[in-house]
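Note sheet for the following structure.
The values are calculated or read from the model by the stated rules, or taken from the named source; none is laboratory data. The model shown is predicted, which means the values in this text are computed figures rather than measured ones. Note that each Cβ is placed from the backbone with ideal geometry, even for glycine, and that neighbours are counted across all protein chains shown.
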2 protein chains.
Amino acid sequence: MAGYPSIFVTVDIVVLTIRGERLHVLSIRRGEPPYVRRLALPGGFVDQDEDLDTAARRELNEETGLDIGDVWLEQLRTYGAPRRDPRARTVSVAYLAVLADQPEPEAGTDAAAARWWPVDELSPKRLAFDHATILADAVERARGRLEYAPLAAAFCADEFTIAELRRVYEIVWGRSLEPANFHRKVTRARDFVVSTGRREQRGSGRPARLYRRGGATQLHPPILRDTSLSS
Amino acid sequence: MAGYPSIFVTVDIVVLTIRGERLHVLSIRRGEPPYVRRLALPGGFVDQDEDLDTAARRELNEETGLDIGDVWLEQLRTYGAPRRDPRARTVSVAYLAVLADQPEPEAGTDAAAARWWPVDELSPKRLAFDHATILADAVERARGRLEYAPLAAAFCADEFTIAELRRVYEIVWGRSLEPANFHRKVTRARDFVVSTGRREQRGSGRPARLYRRGGATQLHPPILRDTSLSS
DNA sequence: ATAATAGTGTCTCTTAGACAATATTTC
DNA sequence: GAAATATTGTCTAAGAGACACTATTAT
């Protein structure tokens, strides 16, 4: 295989969460060229003896100091335009990660420059490399995954109410949903959520039942966005 | 970036077509170790100054000699387990390609060892590297894409009948479909197929209208597998 | 005429969305 | 009690599958 070009392989992770009713992404202020002071997705080089998923998990931990006990992590796609990094030829395997709301990343670590940004405040110009494209693809993927996978529960704390789950859909999709119909759909989907039997007061009004994540990996039946608008 | 590990980046392409009422995949008999005489997916190294999609297209052409004027080509996912290739650390960006039925690949080229194999005759043991996994993922992706994208038409010649399109669904999904309902769904989906106005006799019976691919990139509404079996 | 396939009509059942109605809290 | 939110009930319309029916060809 001597003579063949070898290339730097990185992972970049789009970490999404919801804070204060808005979708946020974790980004890092770059301290060095290229793209000094621009924002970048957390990521880094894949080690020589490391699986891609493992690399993503490691970088997420190193660069953010987040507790990533159960994080939703899935491969998004791979970006390899020849000049996407002006320093050298790199190919980046991008990941989508979803977390429940977290405290601000800890200072004093690699994560010092890490910050949560509302996705809709990040104009493409502010992001380094091709990270604006990666972010856009990730958000689109997340929107789609909500229909067929129990991704929404990953945005929630360990125990949550149906209304909180609905807020996830509403925020990520950017549209409001009928509480009554949503409730029925979620509880009908097999193993999406499991009732804890307990209730809890969140705000005013009747207290809601608490649920936790069920074992499903797919939603049956799916919870679809209304696509009839485009017909 | 000196000091960081550099890695070989390859593309591997799962080329699917339908021949004689069965789903086939293009594979290449390996002539050298590792995995001598085992079957492998067409693919190769990404050049230093080449986009990933371009590399996939180039390899497809070089290794198969196929006319790839309009081929369906989409990135599948990236495989990077540390020891997936015993010679060196490689990361492979896998692609799914779909073609209309083609003549047997030409001899005398790189494609000499290329052959179409029925997918269901390829036991995982016969495939080199992690290509059995890649193939399985690709077939699963294709099955899913049929629901939401006009992928089925890529399996057909330039002009085709609704019945031919239905056979694609039936073969890839492995289940039979109601001709009447299928006809309605396909013609209702916007810009999936466009009538040529002409008709053609294919076999006995009333001649069928000929269609060609429409401009849609998504199917509205989708053509769903009946998922009620799993409810 | 009979067989075969293309394409349309129609019936029934399920599901989605709209929204009324009830339940259980806080103020 | 009034307001707020949770949860259930019900109505209606659209879509899916089943299948009867018509259309157009070969034999």
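Considering only residues of the stretch A:189-205 that are surrounded by 10 or more Cβ atoms within 10 Å (Cβ to Cβ), more than 10 Å from DNA strand D (Cβ to nearest atom) and not β-branched (V, I, T), which is nearest to A:P221 (Cα to Cα)? Selected residue: A:A189.
Here's a check for you: in the stretch A:157-171, which residue that is outside any helix (DSSP H, G or I) and not charged (D, E, K, R) is nearest to DNA strand D (Cβ to nearest atom)? Selected residue: A:T161. For the stretch B:177-186, check the following and say yes or no: at least one residue is within 16 Å of B:V98 (Cβ to Cβ) and modelled with pLDDT of 95 or more. Looking for residues that are within 16 Å of B:V98 (Cβ to Cβ) and modelled with pLDDT of 95 or more, one finds none in the stretch B:177-186, hence no.
What number of residues within the stretch B:1-58 satisfy the criterion of being of a type in the set (D, E), more than 8 Å from chain A (Cβ to nearest Cβ) and surrounded by fewer than 17 Cβ atoms within 10 Å (Cβ to Cβ)?
First pass over the stretch B:1-58, keeping only residues of a type in the set (D, E): B:12, B:21, B:32, B:47, B:49-51, B:53.
Next, only the ones that are more than 8 Å from chain A (Cβ to nearest Cβ) stay: B:12, B:21, B:32, B:53.
Checking the rest, the ones that are also surrounded by fewer than 17 Cβ atoms within 10 Å (Cβ to Cβ) come to B:21, B:32, B:53.
Residues flagged as of a type in the set (D, E), more than 8 Å from chain A (Cβ to nearest Cβ) and surrounded by fewer than 17 Cβ atoms within 10 Å (Cβ to Cβ) within the stretch B:1-58 amount to 3.
Checking B:R184, B:R212, B:R141, B:R145 one by one, the residue that is part of a strand (DSSP E or B) and either under 20 Å from the mean Cα position of the chain (by Cα) or not polar (S, T, N, Q) (or both) is B:R212 and no other.
Starting from residues that are part of a helix (DSSP H, G or I) and more than 9 Å from DNA strand C (Cβ to nearest atom), keep the ones in the stretch B:172-181 and report whichever is farthest from the chain's Cα centre (by Cα). Looking at the filtered set, the residue picked out is B:W173.
Inside the stretch A:82-101, residues that are more than 10 Å from chain B (Cβ to nearest Cβ) and assigned to a loop (DSSP other than H, G, I, E, B) make up a count of 4.
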